[in-house]
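Worksheet for the structure shown next.
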2 protein chains.
Amino acid sequence: MESILVISPDSPATDLGRILTDAGYRVTAERISESGLAPAIAAETALLVADMRRAPLDLRVLVKPLGETAPPLLAVIEEHALDAPTLEYAADIAVSPFTDAELVARVRLALLRRGGEASADTLRRGDLVIDIENYRVAINHEPVDLTYKEYELLKFLATNDGKVFTREALLNRVWGYNYYGGARTVDVHIRRIRSKIELNGRVYIETVRNVGYRFTA
Amino acid sequence: MESILVISPDSPATDLGRILTDAGYRVTAERISESGLAPAIAAETALLVADMRRAPLDLRVLVKPLGETAPPLLAVIEEHALDAPTLEYAADIAVSPFTDAELVARVRLALLRRGGEASADTLRRGDLVIDIENYRVAINHEPVDLTYKEYELLKFLATNDGKVFTREALLNRVWGYNYYGGARTVDVHIRRIRSKIELNGRVYIETVRNVGYRFTA
DNA sequence: GCCACTGTTCACAAACCGGAAACAATACGC
DNA sequence: GCGTATTGTTTCCGGTTTGTGAACAGTGGC
(Lines give C-alpha, C1' and ligand atoms only; values in the text may rest on other atoms or scores of the structure.)
Protein backbone atom coordinates (compact mmCIF):
# COMPACT_ATOMS: atom_id res chain seq x y z
CA MET A 1 0.00 0.00 0.00
CA GLU A 2 1.22 3.47 -0.84
CA SER A 3 1.88 5.68 2.07
CA ILE A 4 1.26 9.34 2.81
CA LEU A 5 3.67 11.58 4.69
CA VAL A 6 2.10 14.47 6.56
CA ILE A 7 4.54 17.25 7.32
CA SER A 8 4.11 20.41 9.33
CA PRO A 9 6.35 23.12 10.76
CA ASP A 10 5.19 22.44 14.33
CA SER A 11 3.85 19.44 16.20
CA PRO A 12 2.17 17.01 13.81
CA ALA A 13 -1.44 17.74 13.15
CA THR A 14 -3.64 14.93 14.40
CA ASP A 15 -6.78 15.73 12.47
CA LEU A 16 -5.25 15.25 9.03
CA GLY A 17 -3.73 11.96 10.09
CA ARG A 18 -7.04 10.73 11.44
CA ILE A 19 -9.01 11.68 8.35
CA LEU A 20 -6.55 9.96 6.04
CA THR A 21 -6.17 6.89 8.24
CA ASP A 22 -9.94 6.55 8.39
CA ALA A 23 -10.00 6.69 4.62
CA GLY A 24 -7.70 3.69 4.54
CA TYR A 25 -4.35 5.28 3.80
CA ARG A 26 -1.14 4.51 5.59
CA VAL A 27 0.03 7.73 7.19
CA THR A 28 3.23 8.94 8.81
CA ALA A 29 3.59 12.37 10.35
CA GLU A 30 6.78 14.40 10.72
CA ARG A 31 7.67 17.74 12.17
CA ILE A 32 9.82 19.40 9.55
CA SER A 33 12.43 21.99 10.18
CA GLU A 34 13.16 23.87 7.02
CA SER A 35 16.51 22.16 6.83
CA GLY A 36 15.55 19.03 5.03
CA LEU A 37 12.63 17.02 3.84
CA ALA A 38 14.51 14.42 1.88
CA PRO A 39 15.44 12.14 4.85
CA ALA A 40 11.81 11.90 5.89
CA ILE A 41 10.65 10.60 2.53
CA ALA A 42 10.57 6.85 2.34
CA ALA A 43 10.54 4.73 -0.76
CA GLU A 44 6.86 4.00 -0.48
CA THR A 45 5.89 7.61 0.17
CA ALA A 46 3.42 8.32 -2.62
CA LEU A 47 2.19 11.69 -1.47
CA LEU A 48 3.29 14.53 0.75
CA VAL A 49 0.69 16.50 2.66
CA ALA A 50 2.01 19.77 3.98
CA ASP A 51 -0.04 21.17 6.82
CA MET A 52 0.54 24.91 6.63
CA ARG A 53 -2.53 26.06 8.50
CA ARG A 54 -0.83 27.24 11.68
CA ALA A 55 2.52 28.25 10.27
CA PRO A 56 3.89 28.51 6.75
CA LEU A 57 6.39 26.21 5.11
CA ASP A 58 8.60 27.53 2.40
CA LEU A 59 7.95 25.01 -0.34
CA ARG A 60 10.57 26.58 -2.53
CA VAL A 61 13.18 25.57 0.01
CA LEU A 62 11.60 22.25 0.88
CA VAL A 63 10.42 20.88 -2.43
CA LYS A 64 12.74 22.37 -5.02
CA PRO A 65 15.87 20.44 -3.98
CA LEU A 66 13.95 17.17 -4.17
CA GLY A 67 13.86 17.33 -7.94
CA GLU A 68 11.47 15.66 -10.32
CA THR A 69 11.32 12.30 -8.67
CA ALA A 70 9.72 13.61 -5.51
CA PRO A 71 6.18 12.56 -4.66
CA PRO A 72 3.53 15.19 -5.33
CA LEU A 73 2.62 17.55 -2.55
CA LEU A 74 -0.79 18.56 -1.32
CA ALA A 75 -0.66 21.83 0.58
CA VAL A 76 -3.20 22.44 3.32
CA ILE A 77 -3.49 26.13 4.02
CA GLU A 78 -5.64 28.97 5.25
CA GLU A 79 -7.04 30.90 2.34
CA HIS A 80 -5.24 34.14 3.15
CA ALA A 81 -1.87 32.41 3.24
CA LEU A 82 -1.70 31.56 -0.43
CA ASP A 83 1.62 32.66 -1.89
CA ALA A 84 3.41 32.16 -5.16
CA PRO A 85 5.82 29.37 -4.12
CA THR A 86 2.93 27.38 -2.72
CA LEU A 87 1.03 27.80 -5.96
CA GLU A 88 4.04 26.74 -7.91
CA TYR A 89 5.29 23.75 -5.98
CA ALA A 90 2.09 22.21 -4.69
CA ALA A 91 0.43 19.67 -6.93
CA ASP A 92 -2.83 20.60 -5.27
CA ILE A 93 -4.07 22.81 -2.46
CA ALA A 94 -6.77 22.18 0.11
CA VAL A 95 -8.03 25.45 1.49
CA SER A 96 -9.13 25.38 5.10
CA PRO A 97 -11.86 24.98 6.23
CA PHE A 98 -12.68 21.84 4.27
CA THR A 99 -14.70 18.74 4.90
CA ASP A 100 -13.12 15.35 5.46
CA ALA A 101 -14.52 14.18 2.17
CA GLU A 102 -12.90 17.01 0.27
CA LEU A 103 -9.50 16.25 1.70
CA VAL A 104 -9.83 12.58 0.88
CA ALA A 105 -10.98 13.44 -2.62
CA ARG A 106 -7.93 15.62 -3.14
CA VAL A 107 -5.62 12.93 -1.88
CA ARG A 108 -7.22 10.43 -4.16
CA LEU A 109 -6.90 12.88 -7.02
CA ALA A 110 -3.23 13.52 -6.36
CA LEU A 111 -2.48 9.80 -6.17
CA LEU A 112 -4.43 9.09 -9.32
CA ARG A 113 -2.69 11.84 -11.23
CA ARG A 114 0.63 10.52 -10.14
CA GLY A 115 -0.41 7.08 -11.31
CA GLY A 116 -1.46 8.57 -14.60
CA GLU A 117 1.74 10.42 -15.32
CA ALA A 118 4.69 10.16 -13.11
CA SER A 119 4.67 6.61 -11.89
CA ALA A 120 7.91 4.89 -12.62
CA ASP A 121 6.46 1.49 -13.30
CA THR A 122 3.20 1.97 -15.11
CA LEU A 123 2.43 4.23 -18.00
CA ARG A 124 -1.22 5.07 -18.60
CA ARG A 125 -2.31 6.62 -21.84
CA GLY A 126 -6.05 6.45 -22.19
CA ASP A 127 -7.04 2.80 -22.32
CA LEU A 128 -3.47 1.76 -22.92
CA VAL A 129 -1.50 0.66 -19.89
CA ILE A 130 2.15 -0.24 -20.02
CA ASP A 131 3.55 -2.07 -17.05
CA ILE A 132 7.17 -1.16 -17.50
CA GLU A 133 8.59 -3.34 -14.80
CA ASN A 134 6.92 -6.46 -16.08
CA TYR A 135 7.00 -5.79 -19.80
CA ARG A 136 3.27 -6.07 -20.10
CA VAL A 137 0.91 -4.02 -22.21
CA ALA A 138 -2.86 -3.99 -21.93
CA ILE A 139 -5.68 -2.15 -23.61
CA ASN A 140 -8.84 -1.94 -21.52
CA HIS A 141 -7.26 -4.56 -19.28
CA GLU A 142 -7.01 -6.84 -22.27
CA PRO A 143 -3.42 -8.05 -22.50
CA VAL A 144 -1.58 -7.32 -25.73
CA ASP A 145 1.23 -9.52 -26.89
CA LEU A 146 4.17 -7.49 -28.13
CA THR A 147 7.64 -8.60 -29.06
CA TYR A 148 10.65 -7.00 -27.45
CA LYS A 149 11.35 -4.35 -30.06
CA GLU A 150 7.70 -3.58 -30.47
CA TYR A 151 7.45 -3.08 -26.75
CA GLU A 152 10.55 -0.88 -26.60
CA LEU A 153 9.34 1.29 -29.45
CA LEU A 154 5.85 1.68 -28.06
CA LYS A 155 7.19 2.43 -24.62
CA PHE A 156 9.48 5.09 -25.98
CA LEU A 157 6.76 6.77 -27.98
CA ALA A 158 4.27 6.57 -25.13
CA THR A 159 6.68 8.07 -22.59
CA ASN A 160 7.23 11.00 -24.93
CA ASP A 161 3.58 11.32 -25.62
CA GLY A 162 2.71 14.07 -28.11
CA LYS A 163 6.24 14.62 -29.33
CA VAL A 164 7.13 13.83 -32.92
CA PHE A 165 10.18 11.74 -33.70
CA THR A 166 11.83 11.27 -37.02
CA ARG A 167 12.64 7.75 -38.08
CA GLU A 168 16.30 8.52 -37.52
CA ALA A 169 15.58 9.75 -34.01
CA LEU A 170 13.69 6.56 -33.27
CA LEU A 171 16.48 4.43 -34.68
CA ASN A 172 18.92 6.28 -32.44
CA ARG A 173 16.84 6.18 -29.32
CA VAL A 174 15.28 2.75 -29.58
CA TRP A 175 17.78 0.79 -31.66
CA GLY A 176 20.85 2.57 -30.33
CA TYR A 177 23.16 5.29 -31.51
CA ASN A 178 25.43 3.05 -33.47
CA TYR A 179 22.76 1.29 -35.44
CA TYR A 180 22.86 1.94 -39.16
CA GLY A 181 19.84 0.58 -40.83
CA GLY A 182 17.19 1.64 -43.23
CA ALA A 183 14.52 3.98 -42.00
CA ARG A 184 11.80 1.70 -43.30
CA THR A 185 12.60 -0.63 -40.46
CA VAL A 186 10.81 1.85 -38.24
CA ASP A 187 7.79 1.87 -40.54
CA VAL A 188 7.50 -1.84 -40.39
CA HIS A 189 7.71 -1.96 -36.63
CA ILE A 190 5.16 0.81 -36.30
CA ARG A 191 2.89 -1.14 -38.56
CA ARG A 192 3.28 -4.29 -36.49
CA ILE A 193 2.52 -2.41 -33.30
CA ARG A 194 -0.50 -0.76 -34.87
CA SER A 195 -1.86 -4.04 -36.06
CA LYS A 196 -1.76 -5.26 -32.49
CA ILE A 197 -3.03 -2.26 -30.57
CA GLU A 198 -5.28 -0.37 -32.93
CA LEU A 199 -7.91 -3.06 -33.15
CA ASN A 200 -10.88 -0.95 -32.15
CA GLY A 201 -10.18 1.75 -34.69
CA ARG A 202 -8.63 3.91 -32.01
CA VAL A 203 -5.42 5.56 -33.20
CA TYR A 204 -2.48 5.63 -30.83
CA ILE A 205 0.35 6.34 -33.21
CA GLU A 206 -0.01 9.15 -35.72
CA THR A 207 2.06 9.50 -38.83
CA VAL A 208 3.38 13.01 -39.41
CA ARG A 209 4.07 12.90 -43.07
CA ASN A 210 7.61 13.87 -44.04
CA VAL A 211 8.61 13.95 -40.41
CA GLY A 212 7.95 10.81 -38.45
CA TYR A 213 5.64 9.42 -35.81
CA ARG A 214 3.93 10.64 -32.70
CA PHE A 215 2.05 8.94 -29.90
CA THR A 216 -1.26 10.50 -28.90
CA ALA A 217 -3.35 9.66 -25.86
CA MET B 1 -6.57 40.30 -20.68
CA GLU B 2 -7.12 36.57 -20.63
CA SER B 3 -10.68 35.52 -20.29
CA ILE B 4 -12.48 32.78 -18.41
CA LEU B 5 -15.34 30.74 -19.83
CA VAL B 6 -17.81 29.41 -17.29
CA ILE B 7 -19.84 26.50 -18.57
CA SER B 8 -22.70 24.65 -16.95
CA PRO B 9 -25.28 22.10 -18.04
CA ASP B 10 -28.17 24.38 -17.05
CA SER B 11 -28.68 28.12 -16.85
CA PRO B 12 -25.39 29.89 -16.25
CA ALA B 13 -24.43 30.17 -12.61
CA THR B 14 -24.34 33.78 -11.55
CA ASP B 15 -22.33 33.35 -8.38
CA LEU B 16 -19.23 32.01 -10.10
CA GLY B 17 -19.34 34.77 -12.64
CA ARG B 18 -19.69 37.38 -9.96
CA ILE B 19 -16.83 36.06 -7.85
CA LEU B 20 -14.49 35.92 -10.82
CA THR B 21 -15.56 39.28 -12.21
CA ASP B 22 -15.02 40.83 -8.78
CA ALA B 23 -11.55 39.34 -8.77
CA GLY B 24 -10.83 41.22 -11.97
CA TYR B 25 -11.19 38.48 -14.56
CA ARG B 26 -13.06 38.79 -17.79
CA VAL B 27 -15.81 36.20 -17.73
CA THR B 28 -18.22 34.72 -20.23
CA ALA B 29 -20.86 32.17 -19.30
CA GLU B 30 -22.38 29.54 -21.54
CA ARG B 31 -24.99 26.88 -21.13
CA ILE B 32 -23.46 23.77 -22.61
CA SER B 33 -25.35 20.90 -24.08
CA GLU B 34 -23.17 17.85 -24.21
CA SER B 35 -22.96 18.24 -27.95
CA GLY B 36 -20.08 20.61 -28.22
CA LEU B 37 -17.85 22.85 -26.26
CA ALA B 38 -15.46 23.79 -29.03
CA PRO B 39 -17.58 26.58 -30.59
CA ALA B 40 -17.88 28.34 -27.24
CA ILE B 41 -14.14 28.59 -26.74
CA ALA B 42 -12.69 31.83 -28.00
CA ALA B 43 -9.09 32.58 -28.81
CA GLU B 44 -8.53 34.46 -25.61
CA THR B 45 -10.17 31.82 -23.44
CA ALA B 46 -7.41 30.95 -21.01
CA LEU B 47 -9.41 28.82 -18.61
CA LEU B 48 -12.61 26.83 -18.56
CA VAL B 49 -14.63 26.65 -15.38
CA ALA B 50 -17.20 23.87 -15.39
CA ASP B 51 -19.97 24.37 -12.91
CA MET B 52 -21.16 20.87 -12.10
CA ARG B 53 -22.78 21.56 -8.77
CA ARG B 54 -26.37 21.16 -9.85
CA ALA B 55 -25.96 18.69 -12.65
CA PRO B 56 -23.00 16.74 -13.93
CA LEU B 57 -21.10 17.32 -17.15
CA ASP B 58 -19.40 14.43 -18.83
CA LEU B 59 -15.90 15.79 -19.17
CA ARG B 60 -14.87 12.76 -21.13
CA VAL B 61 -17.29 13.77 -23.84
CA LEU B 62 -16.70 17.49 -23.55
CA VAL B 63 -12.99 17.81 -23.04
CA LYS B 64 -11.54 14.79 -24.76
CA PRO B 65 -12.36 15.87 -28.32
CA LEU B 66 -10.73 19.25 -27.75
CA GLY B 67 -7.31 17.70 -27.77
CA GLU B 68 -4.09 19.00 -26.38
CA THR B 69 -4.48 22.60 -27.39
CA ALA B 70 -7.52 23.20 -25.20
CA PRO B 71 -7.34 25.54 -22.23
CA PRO B 72 -7.21 23.91 -18.79
CA LEU B 73 -10.43 23.17 -16.98
CA LEU B 74 -11.40 23.84 -13.39
CA ALA B 75 -14.28 21.67 -12.29
CA VAL B 76 -16.62 22.98 -9.62
CA ILE B 77 -18.49 20.09 -8.01
CA GLU B 78 -20.23 18.77 -4.92
CA GLU B 79 -17.97 16.47 -3.00
CA HIS B 80 -20.08 13.37 -3.52
CA ALA B 81 -20.07 13.83 -7.28
CA LEU B 82 -16.40 13.20 -7.79
CA ASP B 83 -15.94 10.61 -10.51
CA ALA B 84 -13.07 9.22 -12.50
CA PRO B 85 -13.49 11.23 -15.71
CA THR B 86 -13.65 14.45 -13.72
CA LEU B 87 -10.50 13.49 -11.88
CA GLU B 88 -8.82 12.71 -15.12
CA TYR B 89 -9.80 15.62 -17.31
CA ALA B 90 -9.95 18.49 -14.87
CA ALA B 91 -6.75 20.41 -14.27
CA ASP B 92 -8.11 21.26 -10.84
CA ILE B 93 -11.25 20.77 -8.82
CA ALA B 94 -13.00 23.12 -6.45
CA VAL B 95 -15.19 21.18 -4.08
CA SER B 96 -18.35 22.93 -2.98
CA PRO B 97 -18.86 24.56 -0.52
CA PHE B 98 -15.89 26.85 -0.94
CA THR B 99 -15.12 30.44 -0.14
CA ASP B 100 -14.75 33.08 -2.80
CA ALA B 101 -11.09 33.35 -1.97
CA GLU B 102 -10.52 29.64 -2.55
CA LEU B 103 -12.11 29.75 -5.97
CA VAL B 104 -10.07 32.76 -6.97
CA ALA B 105 -6.93 31.09 -5.67
CA ARG B 106 -7.62 28.01 -7.77
CA VAL B 107 -8.24 30.10 -10.85
CA ARG B 108 -5.04 31.97 -10.27
CA LEU B 109 -3.25 28.67 -9.79
CA ALA B 110 -4.61 27.21 -13.00
CA LEU B 111 -3.67 30.28 -14.99
CA LEU B 112 -0.20 30.36 -13.50
CA ARG B 113 0.40 26.72 -14.27
CA ARG B 114 -0.67 27.24 -17.83
CA GLY B 115 1.61 30.24 -18.15
CA GLY B 116 4.46 28.27 -16.72
CA GLU B 117 4.17 25.63 -19.34
CA ALA B 118 4.15 27.94 -22.35
CA SER B 119 7.11 26.52 -24.10
CA ALA B 120 9.69 28.50 -25.98
CA ASP B 121 8.98 26.30 -28.94
CA THR B 122 5.52 27.61 -29.56
CA LEU B 123 4.77 30.53 -31.75
CA ARG B 124 1.70 32.53 -30.80
CA ARG B 125 0.29 34.99 -33.30
CA GLY B 126 -3.13 36.05 -32.15
CA ASP B 127 -5.40 33.02 -32.21
CA LEU B 128 -2.87 31.08 -34.24
CA VAL B 129 -0.58 28.81 -32.30
CA ILE B 130 2.24 26.90 -33.91
CA ASP B 131 3.88 24.19 -31.88
CA ILE B 132 7.15 24.08 -33.74
CA GLU B 133 8.63 21.03 -32.14
CA ASN B 134 5.59 18.89 -32.64
CA TYR B 135 4.41 20.15 -35.98
CA ARG B 136 1.03 21.18 -34.72
CA VAL B 137 -0.99 24.20 -35.68
CA ALA B 138 -4.15 25.36 -33.95
CA ILE B 139 -6.51 28.28 -34.31
CA ASN B 140 -8.61 29.06 -31.27
CA HIS B 141 -7.47 25.74 -29.87
CA GLU B 142 -8.91 24.07 -32.94
CA PRO B 143 -6.26 21.90 -34.57
CA VAL B 144 -5.50 22.65 -38.21
CA ASP B 145 -4.28 19.99 -40.56
CA LEU B 146 -1.48 21.25 -42.78
CA THR B 147 0.76 19.35 -45.15
CA TYR B 148 4.52 19.53 -44.76
CA LYS B 149 5.18 22.35 -47.20
CA GLU B 150 2.17 24.29 -46.04
CA TYR B 151 3.42 24.00 -42.51
CA GLU B 152 6.95 25.05 -43.46
CA LEU B 153 5.75 28.05 -45.39
CA LEU B 154 3.35 29.20 -42.70
CA LYS B 155 5.97 28.72 -40.04
CA PHE B 156 8.44 30.78 -42.01
CA LEU B 157 6.02 33.61 -42.57
CA ALA B 158 4.80 33.57 -38.99
CA THR B 159 8.29 33.65 -37.52
CA ASN B 160 9.06 36.68 -39.65
CA ASP B 161 5.78 38.23 -38.76
CA GLY B 162 5.14 41.57 -40.47
CA LYS B 163 7.97 41.29 -42.94
CA VAL B 164 7.17 41.09 -46.65
CA PHE B 165 8.78 38.42 -48.78
CA THR B 166 8.89 38.26 -52.54
CA ARG B 167 7.96 34.98 -54.12
CA GLU B 168 11.60 34.47 -55.01
CA ALA B 169 12.64 35.03 -51.41
CA LEU B 170 10.09 32.49 -50.23
CA LEU B 171 11.23 29.98 -52.83
CA ASN B 172 14.78 30.46 -51.61
CA ARG B 173 14.04 30.29 -47.94
CA VAL B 174 11.36 27.64 -47.83
CA TRP B 175 12.07 25.52 -50.88
CA GLY B 176 15.83 25.94 -50.74
CA TYR B 177 18.43 28.02 -52.48
CA ASN B 178 18.91 25.69 -55.37
CA TYR B 179 15.28 25.31 -56.22
CA TYR B 180 14.30 26.70 -59.61
CA GLY B 181 10.60 26.74 -60.03
CA GLY B 182 7.93 29.09 -61.12
CA ALA B 183 6.85 31.80 -58.75
CA ARG B 184 3.23 30.75 -59.12
CA THR B 185 4.03 27.78 -56.98
CA VAL B 186 4.16 30.11 -54.02
CA ASP B 187 0.78 31.57 -54.87
CA VAL B 188 -0.80 28.21 -54.92
CA HIS B 189 0.66 27.20 -51.60
CA ILE B 190 -0.42 30.45 -50.03
CA ARG B 191 -3.88 29.83 -51.31
CA ARG B 192 -3.97 26.32 -49.84
CA ILE B 193 -2.85 27.59 -46.47
CA ARG B 194 -5.42 30.37 -46.54
CA SER B 195 -8.21 27.95 -47.35
CA LYS B 196 -7.33 26.04 -44.22
CA ILE B 197 -6.69 28.82 -41.73
CA GLU B 198 -8.76 31.77 -42.86
CA LEU B 199 -12.11 30.14 -42.25
CA ASN B 200 -13.54 32.78 -39.99
CA GLY B 201 -12.81 35.65 -42.35
CA ARG B 202 -9.75 36.59 -40.34
CA VAL B 203 -6.78 37.37 -42.58
CA TYR B 204 -3.40 36.02 -41.57
CA ILE B 205 -1.51 36.33 -44.80
CA GLU B 206 -1.69 39.60 -46.70
CA THR B 207 -0.76 39.96 -50.33
CA VAL B 208 1.38 42.95 -51.03
CA ARG B 209 0.70 43.70 -54.61
CA ASN B 210 3.73 43.79 -56.81
CA VAL B 211 5.89 42.51 -54.00
CA GLY B 212 4.80 39.31 -52.34
CA TYR B 213 3.27 38.15 -49.07
CA ARG B 214 3.33 39.11 -45.42
CA PHE B 215 2.07 37.50 -42.26
CA THR B 216 0.08 39.69 -39.89
CA ALA B 217 -0.96 38.88 -36.35
C1' DG C 1 -13.42 52.59 -70.52
C1' DC C 2 -9.68 49.86 -72.16
C1' DC C 3 -5.46 47.58 -71.65
C1' DA C 4 -1.78 45.47 -69.36
C1' DC C 5 -0.40 43.31 -65.55
C1' DT C 6 -0.78 40.75 -61.36
C1' DG C 7 -3.09 37.68 -58.39
C1' DT C 8 -6.41 33.82 -57.68
C1' DT C 9 -8.43 29.65 -58.77
C1' DC C 10 -8.83 25.32 -61.05
C1' DA C 11 -7.42 21.08 -63.06
C1' DC C 12 -4.21 17.80 -63.95
C1' DA C 13 0.28 15.34 -64.05
C1' DA C 14 4.43 14.03 -61.76
C1' DA C 15 6.86 13.07 -57.74
C1' DC C 16 7.00 11.50 -53.43
C1' DC C 17 6.00 9.07 -49.36
C1' DG C 18 4.19 5.76 -46.37
C1' DG C 19 1.95 1.19 -45.95
C1' DA C 20 1.61 -3.62 -47.03
C1' DA C 21 3.43 -7.87 -48.06
C1' DA C 22 6.88 -11.04 -49.15
C1' DC C 23 11.22 -12.43 -48.28
C1' DA C 24 15.84 -12.91 -45.78
C1' DA C 25 18.56 -13.05 -41.80
C1' DT C 26 19.13 -13.56 -37.13
C1' DA C 27 18.12 -14.96 -32.43
C1' DC C 28 16.17 -18.03 -29.34
C1' DG C 29 14.16 -22.07 -27.19
C1' DC C 30 14.06 -26.85 -27.03
C1' DG D 1 21.14 -28.70 -34.43
C1' DC D 2 16.53 -27.84 -35.68
C1' DG D 3 12.41 -25.25 -35.84
C1' DT D 4 10.10 -21.22 -34.63
C1' DA D 5 9.69 -16.38 -33.46
C1' DT D 6 11.52 -12.11 -34.10
C1' DT D 7 13.76 -8.55 -36.59
C1' DG D 8 15.41 -6.33 -40.76
C1' DT D 9 15.23 -5.47 -45.95
C1' DT D 10 13.32 -4.98 -50.38
C1' DT D 11 9.82 -4.14 -53.55
C1' DC D 12 5.52 -2.79 -55.16
C1' DC D 13 1.25 -0.18 -54.74
C1' DG D 14 -1.91 3.50 -53.77
C1' DG D 15 -2.83 7.86 -52.07
C1' DT D 16 -1.30 12.44 -50.98
C1' DT D 17 1.30 16.23 -51.87
C1' DT D 18 3.36 19.25 -54.85
C1' DG D 19 4.28 21.76 -59.09
C1' DT D 20 2.67 23.88 -63.24
C1' DG D 21 -0.07 25.65 -67.06
C1' DA D 22 -4.17 27.97 -68.21
C1' DA D 23 -8.41 30.32 -67.43
C1' DC D 24 -10.43 33.83 -64.90
C1' DA D 25 -10.83 38.05 -61.93
C1' DG D 26 -9.34 42.26 -60.12
C1' DT D 27 -6.77 46.56 -60.19
C1' DG D 28 -4.30 50.58 -61.63
C1' DG D 29 -2.57 53.52 -65.36
C1' DC D 30 -3.63 55.93 -69.18
When you scan region A:78-92, how many residues do you find that are within 9 Å of chain B (Cβ to nearest Cβ) and at pLDDT 80 or above?
-> 2
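Restricting the search to region B:128-153, which residues are acidic (Asp, Glu) and either more than 12 Å from chain A (Cβ to nearest Cβ) or under 17 Å from residue B:171 (Cβ atoms) (or both)? Write out each step before concluding.
Going through region B:128-153, the residues acidic (Asp, Glu) turn out to be B:131, B:133, B:142, B:145, B:150, B:152.
Correct list: B:142, B:150, B:152.
For region A:194-204, give me the residue count where each residue is away from DNA strand D (no atom under 16 Å from the Cβ) and touching a helix residue (DSSP H, G or I) at 6+ places or on another chain (Cβ under 9 Å). Break it down stepwise before answering.
The initial filter retains those residues of region A:194-204 that are away from DNA strand D (no atom under 16 Å from the Cβ), namely A:198-202, A:204.
So of that shortlist, the ones also touching a helix residue (DSSP H, G or I) at 6+ places or on another chain (Cβ under 9 Å) come out as A:204.
Adding up the residues that qualify gives 1.
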All-but-one check, residue B:151 against (1) away from DNA strand C (no atom under 16 Å from the Cβ); (2) surrounded by 13 or more Cβ atoms within 10 Å (Cβ to Cβ); (3) among the aromatic types (Phe, Trp, Tyr), failing number (1)
The lone condition residue A:173 fails out of (1) closer than 27 Å to residue B:148 by Cα; (2) more than 16 Å from DNA strand D (Cβ to nearest atom); (3) touching a helix residue (DSSP H, G or I) at 6+ places or on another chain (Cβ under 7 Å) is (2)
If you scan region A:177-217, which residues turn out to be within 26 Å of the chain's Cα centre (by Cα) and more than 13 Å from DNA strand C (Cβ to nearest atom)?
-> A:202, A:215, A:216, A:217
Region A:93-113 - residue that is surrounded by fewer than 20 Cβ atoms within 10 Å (Cβ to Cβ) and within 7 Å of chain B (Cβ to nearest Cβ) and, of those, nearest to the chain's Cα centre (by Cα) = A:112
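If you check residue A:189 against the conditions, is it buried (at least 18 other Cβ atoms within 10 Å of the Cβ) and more than 12 Å from chain B (Cβ to nearest Cβ)?
On the way: buried (at least 18 other Cβ atoms within 10 Å of the Cβ): yes; more than 12 Å from chain B (Cβ to nearest Cβ): yes.
Yes, satisfied.
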Can you spot a residue in region A:154-176 that is surrounded by fewer than 15 Cβ atoms within 10 Å (Cβ to Cβ), of a type in the set (S, T, N, Q), more than 12 Å from chain B (Cβ to nearest Cβ) and within 16 Å of DNA strand C (Cβ to nearest atom)?
-> no
Within region B:48-62, which residues are among the β-branched types (Val, Ile, Thr) and either in contact with a helix residue (DSSP H, G or I) (Cβ under 7 Å, 6 or more places away or on another chain) or touching a residue at least 40 places away in the same chain (Cβ under 8 Å) (or both)?
-> B:49
Quick check, is residue A:10 touching a residue at least 12 places away in the same chain (Cβ under 8 Å) and either surrounded by fewer than 18 Cβ atoms within 10 Å (Cβ to Cβ) or not small (Gly, Ala, Ser) (or both)?
-> yes
Being modelled with pLDDT under 75 and surrounded by 17 or more Cβ atoms within 10 Å (Cβ to Cβ) is the filter here, so list the residues in region B:44-66 that pass it.
-> B:66
Among the residues of region A:197-217 satisfying the criterion of being within 11 Å of chain B (Cβ to nearest Cβ) and of a type in the set (Gly, Ala, Ser), which is surrounded by the most Cβ atoms within 10 Å (Cβ to Cβ)?
-> A:212
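The values are calculated or read from the model by the stated rules, or taken from the named source; none is laboratory data. Keep in mind it's a predicted model, so treat the numbers as computed, not measured. Positions of Cβ are generated from backbone atoms using ideal geometry, with glycine treated the same way; all protein chains shown enter the neighbour counts.
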